[in-house]
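These notes are about the structure you will find just below.
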Amino acid sequence: MSARELFERQHGLDSRQLGRVLSEALGGGGDFADVYLEYRQSSSLHLEESLLKESSEAVALGAGVRVVAGEQTGYAYTNELSLEKLLECARTAASIAAGAARSGSIHLAPRAVPARYPAGRPAHQSAMSEKTEFLRAADAAARRADSRVREVSANWSDEWRQILIANSDGELVADSQPLFAFGVSVVIEADGNPSGKSLGASRQAGWKNLGLRAGLEAFSGEKAEGLAREAVAQAATLLTAADAPAGELPIVLAAGASGVLLHESVGHPLEADANRKRLSVFSGRLGERVATELCTVVDDATLPGLRGSLNVDGEGTIPRAATVLIEQGVLRAYLQDRLSARLMKMAPTGNGRRAGYTSIPIPRMTNTYLAAGESDPEDIIRSVERGLYCKAFSGGQVEPAVGKFTFSVHEAYLIENGRITRPVKGATLIGSGVDILENIVAVGHDLELDRGAWACGKEGQSAPVGVGTPTVKITRMTVGGRR
């Protein structure tokens, strides 16, 4: 059953009823109003110590009504989908506005949306036992891969979200959004310490995950085993790692997952709400050069099946093409929702996202990456006499207003005389997004969009996103290390 059929047949909310709610929402004035209806099914499982420790299934149903007046937003939501409750929400949200009511009824016209994430076997329709087998396969594969493995944990989650959005511009859009994530983490311990209780250098962790907008046709027990073996290999490598050096060094970012550094340090400061409030280092700089000419930064919700991809955003805008934020070093655009776009006199970019019906939409990234360049990745490595090759990050902190960040590198290697040599641990990258963009001196042709289970937090809301980058050389960056 499609999202539109779900809300019409089971709850009696057709286009006429939703138009009535919107008219009520604008009864006190206001510039714009929308209604967001959501039905979500989800499940999660957690395996640890070779035992299924947790499993859950949940259903969420509700709607939110938003009224925008100037820079202010009124919002009310309910988990009871009746016309009476939605009208009550509309009146509550409308209390923010003071002015003349918009005259005339609102007629809604359904709009077709793309099909960027078809799910041949929706995960919510599959038995929990099938998903449990993925966890067991990963657990067994990790323990077979290395006798030093002491701990294995594996997690599965999936959701099926059906949404229907109507707005005062007369648009009516519906979408069914699949999503799944699988992750495995391991701890291995050096030989000669069989108790499994020690900490520090003799114990190291590794993890790998996968997240897509797809059904179970995109996953299997074999893929779970492969991710487990990758996690074990990462932990085993770190077990041999020396302490990272400290000081200012050239940095090479590996293709793929290290794009999270770009997401945090550059992507967030390019979200429109921070820029219209002049709280970003990029505020008021459209048309200016903010990076070397090698840098083209893109946000693209149209890529098929990726975790950050969208047929329609959380306020009914259909992303039609990639948004080029920085083009050959020049700042071209911000990530816009409808509110910021109207106030900044720009077009929405399809980046108005919300965590669910209890949340208002705010500008967020989708799949954000640095576009491919022309350099050979091996030549980039050969150009570094002594530096750090960063492959995986474990977290960090960013201040969008000044663009400064601190990132912990989970997996890194020394570059010595143009070759990747020894693994190192305990490295921290310290800098700013502006510094990164101004010091990129080589960009590889090997763009990789990572398929990890990335989630981005902002203002208490979490959103699935994608990251990516080719191999990149940053001429210098401050590294916090231990020697």
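Taken together, the values in this text are just the output of simple stated rules run on the coordinates, not laboratory data. Only a predicted model underlies this, so the values are computations on that prediction, with no experimental measurement involved. Quick reminder, even Gly has a Cβ in these numbers, built from the backbone with ideal geometry, and neighbours come from all protein chains shown.
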Inset, instruction - Rank these for me by crowding, HIS263, HIS124, going from fewest to most other beta carbons within 10 Å. - result: HIS124, HIS263
Inset, instruction - Compute the acute angle (0 to 90°) between the alpha-carbon long axis of helix 221-239 and the principal axis of greatest extent of the alpha-carbon atoms of the chain; round to the nearest 10°. - result: 50 degrees
Legend entry - Normalised contact order of the chain, rounded percent, pairs of Cα under 8 Å and 6 or more residues apart: 16 percent
Legend entry - Over the stretch 409-463, relative contact order from alpha-carbon pairs under 8 Å, at least 6 apart, %: 20 percent
Legend entry - Residues SER56 and GLN328, FRET efficiency given R0 of 35 Å [Cβ-Cβ distance, rounded to 0.05]: 0.15
Legend entry - With Cα atoms, 0 to 90° folded angle of helix 83-94 axis to the chain main axis: 80 degrees
Legend entry - Theoretical gain in end-to-end length, ARG121 to GLU374 [0.36 nm per residue, Cα-Cα removed]: 87.2 nm
Legend entry - Low-density loop positions, chymotrypsin sites (Phe, Trp or Tyr not before Pro), the stretch 34-112 - DSSP coil, at most 11 other Cβ in 10 Å: none
Inset, instruction - Could you work out the Kirkwood radius for the stretch 3-239, taking every pair of different alpha carbons, averaging 1/r and inverting it, reported in Å? - result: 20.8 Å
Inset, instruction - Run the quick spin-label model on LYS223 and GLN72: label points 7 Å from Cα toward the beta carbon, then report their separation in nm to one decimal. - result: 4.8 nm
Legend entry - the chain - mean residue ellipticity at 222 nm from DSSP helices (-39,500 (n - 2.57) per run, n ≥ 4, rounded to 500): -5500 deg cm²/dmol
Inset, instruction - Within the stretch 387-483, report the GluC sites (Glu not before Pro) that DSSP leaves as loop and that have at most 11 other Cβ atoms within 10 Å. - result: GLU459
Inset, instruction - Report, in whole Å, the centroid distance computed from the Cα atoms of the stretch 203-263 and the stretch 388-427. - result: 13 Å
Legend entry - Value of relative contact order over the stretch 243-480, rounded to a whole percent, pairs C-alpha under 8 Å and six or more apart: 31 percent
Legend entry - Cα long-axis angle, helix 128-145 against the chain (0 to 90 degrees, to the nearest 10): 20 degrees
Inset, instruction - Among the GluC sites (Glu not before Pro) in the stretch 70-101, which ones are in a DSSP loop with at most 13 other Cβ atoms within 10 Å of the Cβ? Mind listing them? - result: GLU71, GLU80
Legend entry - Order of GLU217, GLU189 - criterion: other Cβ atoms within 10 Å of each residue's Cβ, fewest first: GLU217, GLU189
